[in-house]
1. With the requirement that a residue be more than 20 Å from Thr64 (Cα to Cα) and either surrounded by fewer than 17 Cβ atoms within 10 Å (Cβ to Cβ) or of a type in the set (Phe, Trp, Tyr) (or both), what does region 126-152 give you?
2. Would you confirm whether any residue within region 1-13 is at pLDDT below 85, loosely packed, with under 15 Cβ neighbours inside 10 Å and in a helix (DSSP H, G or I)?
3. If you check Val150 against the conditions, is it closer than 22 Å to Leu131 by Cα and without any contact (Cβ under 8 Å) to a residue 12 or more places away in the chain?
4. Answer with yes or no whether Phe155 is in a helix (DSSP H, G or I), modelled with pLDDT under 90 and surrounded by 15 or more Cβ atoms within 10 Å (Cβ to Cβ).
5. Which residues, taken from region 164-176, are open to solvent by less than 10 Å² (accessible area, probe 1.4 Å) and either in contact with a Lys or Arg (Cβ under 9 Å, 6 or more places away or on another chain) or small (Gly, Ala, Ser) (or both)?
6. How about region 103-119: which of its residues are over 24 Å from Val234 (Cβ atoms) and open to solvent by less than 60 Å² (accessible area, probe 1.4 Å)?
7. Which one of Val69, Val123 is touching a residue at least 12 places away in the same chain (Cβ under 8 Å), open to solvent by less than 30 Å² (accessible area, probe 1.4 Å), closer than 22 Å to Phe45 by Cβ and in contact with a helix residue (DSSP H, G or I) (Cβ under 6 Å, 6 or more places away or on another chain)?
8. Go over the candidates Gly237, Gly219 one by one and state the one that is in contact with a Gly (Cβ under 8 Å, 6 or more places away or on another chain), touching a residue at least 40 places away in the same chain (Cβ under 8 Å) and either closer than 25 Å to Pro121 by Cβ or part of a helix (DSSP H, G or I) (or both).
Amino acid sequence: MTTIDTTARPTGFFRDTASVFVRESRPLVRDPFSVMFSLVQPLVFLGLFGPLLVGAAGGDVAGTLQWFVPGILVMVALFGTASTGANLLFEMQTGSHERTLVAPLSRSALLVGRALKEVVPLVVQGTIVVLVAVPFGFSLDVPGLIAGLVVLAVFGIGFGALSYTLALACRNRDWMFWMVHQTLLFPLMILSGMLLPLDDGPAWMQVAAAINPLSYLVGAERALLAGDFGAPAVVGGIIAAVVTCAIGVLIGVRAMRRAS
């Protein structure tokens, strides 16, 4: 099969990326309910897990929400982007991905355009989660929310690219995709401190959290949504997001080229 790669032309790359982004975003426009349906899990955590934390905090609803809601936003980014490779698996199984490969599109743009598409539902869902929490006492800092969503978007691009890479590696064994997905996702979530503080946890858990990029992302989101732009945690979260994005896109582009 003949493929064309236009990555040598920057203008061609950006044009191809935009084309892929528009193509991948059309299902979201035609079926916005899918974005709303993906909110069920984070809202369940917010509605059922949140009250338990409030009780443990002595009834401090506002303080608990300020601590807990940023973690829910990171959860939205984690679960939303980690599952995106399933869409690519389906396209490879139905043959639509192969038809895309014969188009005169940059292989890099195919990956980057797909990953950028994940920013749209991430921003929409994150905003809805925060707005739902406001009537219950969450203090909304608009600039902090915008900055927090930007950081999550950068992280989401990289993590989504890693999900696509996993899908390409498991193209003939979709069960392996879900096995790796479930095996990694929940430890990453628990060891990030997004649901429970890890300060009183065992030493091994704190060591694991220290090498978990999500831990830094959660810390940054808590500082940003509180309006504390100067907190050291913000720098750590930005670095974690940028490094995840760079590694994810680099590995993903190489995997997409090899698959071509």
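1. Initially, region 126-152 is screened for residues more than 20 Å from Thr64 (Cα to Cα), giving 143, 146-147, 149-152.
Pro143, Ile146, Val150 - these are the residues of region 126-152 that are more than 20 Å from Thr64 (Cα to Cα) and either surrounded by fewer than 17 Cβ atoms within 10 Å (Cβ to Cβ) or of a type in the set (Phe, Trp, Tyr) (or both).
2. yes
3. Yes; evaluated as a whole, the condition is true for this residue.
4. On the way: in a helix (DSSP H, G or I): yes; modelled with pLDDT under 90: no; surrounded by 15 or more Cβ atoms within 10 Å (Cβ to Cβ): yes.
No.
5. Start the filter on region 164-176 by keeping residues that are open to solvent by less than 10 Å² (accessible area, probe 1.4 Å), which leaves 164, 167, 170.
Residues satisfying the conditions are Tyr164, Ala167.
6. As a first pass, look at region 103-119 and keep what is over 24 Å from Val234 (Cβ atoms): 103-114, 117.
Within region 103-119, Ala103, Leu105, Ser106, Arg107, Ser108, Ala109, Leu110, Leu111, Val112, Gly113, Arg114, Lys117 meet the criteria.
7. Working: Val123 fails: open to solvent by less than 30 Å² (accessible area, probe 1.4 Å).
Exactly one of Val69, Val123 is touching a residue at least 12 places away in the same chain (Cβ under 8 Å), open to solvent by less than 30 Å² (accessible area, probe 1.4 Å), closer than 22 Å to Phe45 by Cβ and in contact with a helix residue (DSSP H, G or I) (Cβ under 6 Å, 6 or more places away or on another chain), namely Val69.
8. Numbers: Gly219 fails: touching a residue at least 40 places away in the same chain (Cβ under 8 Å).
Criteria check complete, one pass: Gly237.
The values are calculated or read from the model by the stated rules, or taken from the named source; none is laboratory data. Since the structure is predicted, the reported quantities are computational estimates derived from the model, not experimental observations. Virtual Cβ from ideal backbone geometry, glycine too; neighbours counted across all protein chains shown. The accessibility values were calculated without ligands, DNA or RNA, using every heavy atom of the protein model including side chains. Shrake-Rupley method; radii C 1.70, N 1.55, O 1.52, S 1.80 Å.
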